[in-house]
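The values are calculated or read from the model by the stated rules, or taken from the named source; none is laboratory data. If you're wondering where the values come from, they're calculated on a predicted model, not measured in any experiment. Cβ sites come from the backbone with ideal geometry, for glycine too, and all protein chains shown count toward neighbours. Protein only, heavy atoms only, side chains kept; ligands, DNA and RNA dropped before computing areas. Shrake-Rupley method; radii C 1.70, N 1.55, O 1.52, S 1.80 Å.
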Amino acid sequence: MTKRVRCLIIGSGPAGYTAAIYAARANLSPVLYEGMQPGGQLTTTTEVENYPGYPEGITGTEMMDDFKKQAERYGTQVVRGRATSVDFSTSPKKVTIDNEEVIEADTVIISTGATAKYLGIPDETKYAGMGVSACATCDGFFYRNKTVAVVGGGDTACEEATYLSGLASKVYMIVRKDHLRASQIMQDRVMKNPKIEILFEHNTLGLFGENGVEGAHLVKRMGEADEEKVDIKIDGFFLAIGHHPNTDIFKGQLEMDNEGYITTQFPTTFTSVEGVYAAGDVADSLYRQAITSAGTGCRAAIDAERYLSEHNL
Ligand code: NDP
């Protein structure tokens with residue numbers, strides 16, 4: 001028999017769990033599918049020190065366990081499983097889990113998040129949590145008075161380099177082209193910053209270090225006649241080469257921007273389909289913080305609750 005739920009939440013980061021807490025406390029009996037990475041991106045960072053309510057800081061994994069416990073305490077059913085396809089053309093909406101079970105849902109809250117892009121070199125995995133990070137706001141604090149490198153030449157890279165320059169003693173930017181892609185104002189900011197050194201036309205070959213990152217092996221003008229190998233000493237290696245929103249299964253069903261982020265009708269979390277809401281990084285390429293995601297998760301649950309009550313569901 002097909003399972004029918006009033007509020008189906010897809011994804012288990014701060015947005016999904018916050019939506020679950022609010023939906024459960026509003027008696028919507030939410031069912032939350034955890035997805036591929038239970039707990040979401042925060043489980044790959046080390047310490048979270050910028051989430052209010054944790055004055056001593058907390059690891060990302062512990063924090064997400066707390067979110068989960070709080071959601072379950074009010075009756076959220078948290079289930080292992082990944083949404084593999086959706087059909088939003090009908091009411092109730094249909095969501096298929098693990099290519100098998102079809103769930104009918106009166107409302108759906110999408111909080112599938114985004115995934116930071118990595119270069120794909122094995123050392124990124126080897127040094128994960130030991131000097132490699134994809135979030136300067138999360139991890140920059142650990143590099144006070146140290147030397148770090150930021151990979152990328154877009155707005156994110158410039159923003160992260162600028163942020164890190166307020167903490168670290170020196171920041172390299174590793175840029176593969178001979179120019180930055182970022183907006184002019186961001187370019188000017190990094191160019192004028194005495195702590196930032198931009199290494200144009202450099203690619204990363206690997207990282208080195210005993211118990212964590214101690215440096216990076218770079219190559220200048222890769223593939224050219226004057227190609228040159230360069231090593232830099234660094235304590236932290238930050239990726240800022242973009243994010244992928246996890247929206248592949250919603251393509252053709254919901255309106256998205258050019259990057260694939262779900263478009264919502266600010267200040268609500270309404271998507272282009274009635275009864276379907278988007279919260280967190282899946283609809284936000286700009287802020288991408290646990291606290292901003294949690295905020296939109298709350299809004300999505302309130303939006304869903306209003307829809308259900310207006311439609312007597
Ligand atoms: P972008 O796609 O704009 O930039 C990615 C950067 O990473 C580019 O410099 C790109 O190089 C580089 N890159 C990509 N892949 C690799 C690779 N394999 N090796 C080395 N370098 C690589 O992503 P952003 O995250 O910077 O920005 C995303 C969007 O968000 C943009 O529209 C941006 O304007 C916006 N944004 C706005 C901000 C603001 O207004 N405050 C802040 C942050 C983002 P190349 O140029 O050679 O392709």
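Please check: in the Gaussian network model of the chain (C-alpha springs, under 10 Å), which one of GLN77, GLN253, GLN289 has the largest mean-square fluctuation.
Taking springs between Cα atoms under 10 Å, the residue moving most is GLN253.
Taking the stretch 117-225, which GluC sites (Glu not before Pro) meet the DSSP loop condition and have no more than 11 other C-beta atoms within 10 Å? Mind showing how you got there, number by number?
Details: sites: GLU124, GLU159, GLU160, GLU197, GLU201, GLU210, GLU214, GLU224; in loops: GLU201, GLU210, GLU214, GLU224.
Counting only loop positions with at most 11 other Cβ atoms within 10 Å, the GluC sites (Glu not before Pro) in the stretch 117-225 are GLU210, GLU224.
Pairs of alpha-carbon atoms within less than 8 angstrom and 6+ residues apart define the contacts here; what relative contact order does the chain have, in percent?
Numbers: 734 pairs, mean separation 65.2, N = 313.
This gives 21 percent for the chain.
Restricting to the chain, compute how many DSSP beta bridges are antiparallel as a %, nearest 5.
45
If R₀ is 22 angstrom, what is the calculated FRET efficiency for the pair ARG176 and LYS146, using the beta carbon separation as r and rounding to 0.05?
Efficiency computed from Cβ-Cβ geometry: 0.35.
Grab the Cα-Cα distance for THR125 and GLU255, subtract it from 0.36 nm times how many residues apart they are, and report the gain in nm with one decimal.
Extending this stretch completely gives an extra 43.4 nm.
Along the Cα→Cβ direction, 7 angstrom out, place labels at LEU313 and MET222. What is the inter-label distance in nm?
Placing both labels 7 Å beyond Cα along the Cβ direction yields 4.8 nm.
Give the list, by residue number, of cysteines in the chain with no other Cys Cβ closer than 4.7 Å, or say none.
Within the chain, the cysteines lacking a partner Cβ under 4.7 Å are CYS7, CYS158, CYS298.
Gain in length, ASN211 to THR268, computed as 0.36 nm per residue apart minus the alpha-carbon separation, to one decimal in nm?
Length gained between ASN211 and THR268: 15.9 nm.
Express the accessible area of the stretch 56-126 per residue in Å², computed with a 1.4 Å probe while the remaining protein chains stay in the model.
51
Roll a 1.4 angstrom probe over the protein heavy atoms and tell me the percent of accessible area of the stretch 65-155 that is carbon or sulfur. Let's see the in-between values first.
Numbers: 1940 of 4290 Å².
Carbon and sulfur together cover 45 percent of it.
Using just the helices of the chain, give the 222 nm mean residue ellipticity in deg cm²/dmol: DSSP H runs with n ≥ 4 each add -39,500 (n - 2.57), and the total is spread over all residues, rounded to 500.
Counting only the DSSP helices, I get -7500 deg cm²/dmol.
Report the trypsin sites (Lys or Arg not before Pro) located in the stretch 96-161 that are in a DSSP loop and have at most 13 other Cβ atoms inside 10 Å of their Cβ, or state none. Walk me through the numbers on the way to the answer.
On the way: sites: LYS117, LYS126, ARG144, LYS146; in loops: LYS117, ARG144, LYS146.
Within the stretch 96-161, the qualifying trypsin sites (Lys or Arg not before Pro) (loop, at most 13 other Cβ atoms within 10 Å) are ARG144.
Within the chain, which is the longest segment that contains none of the chymotrypsin sites (Phe, Trp or Tyr not before Pro) sitting in a DSSP loop with at most 16 other Cβ atoms within 10 Å? Please report the intermediate quantities before stating the final value.
Details: sites that count: TYR74, TYR118, PHE200, TYR287.
It runs 201-286.
Jot down the per residue volume, in cubic angstrom and as a whole number, of the convex hull over the alpha-carbon atoms of the chain.
Taking the convex hull of the Cα positions in the chain, it is 145 Å³ per residue.
Quote the Stokes-Einstein diffusion coefficient, in whole µm² s⁻¹, for the stretch 46-145, based on the Kirkwood radius over alpha carbon pairs, a temperature of 4 °C and a viscosity of 1.567 mPa s. Walk me through the numbers on the way to the answer.
Working: Rh = 17.2 Å.
It comes out at roughly 76 µm²/s.
Taking the Cα-to-Cβ direction at TYR74 and at GLU62 and moving 7 Å from each Cα, how far apart do the two end points lie in nm?
Spacing of the two 7 Å Cα→Cβ label points: 2.4 nm.
So what is the accessible area of the stretch 155-236 per residue, in Å², with the probe set to 1.4 Å?
Per residue, the stretch 155-236 has 57 Å² of solvent-accessible surface.
Choose one answer from PRO30, PRO14, PRO245: the residue with the largest mean-square fluctuation in a GNM of the chain with alpha-carbon springs under 10 Å.
PRO245
I'd like the FRET efficiency for MET191 and ILE291, computed as 1/(1 + (r/R0)^6) with the beta carbon distance as r and R0 of 25 Å, rounded to 0.05.
Calculated transfer efficiency: 0.20.
Counting only Cα atoms, I'd like the Rg/Rh figure for the stretch 122-224, Kirkwood definition for Rh.
Result: Rg/Rh = 0.95.
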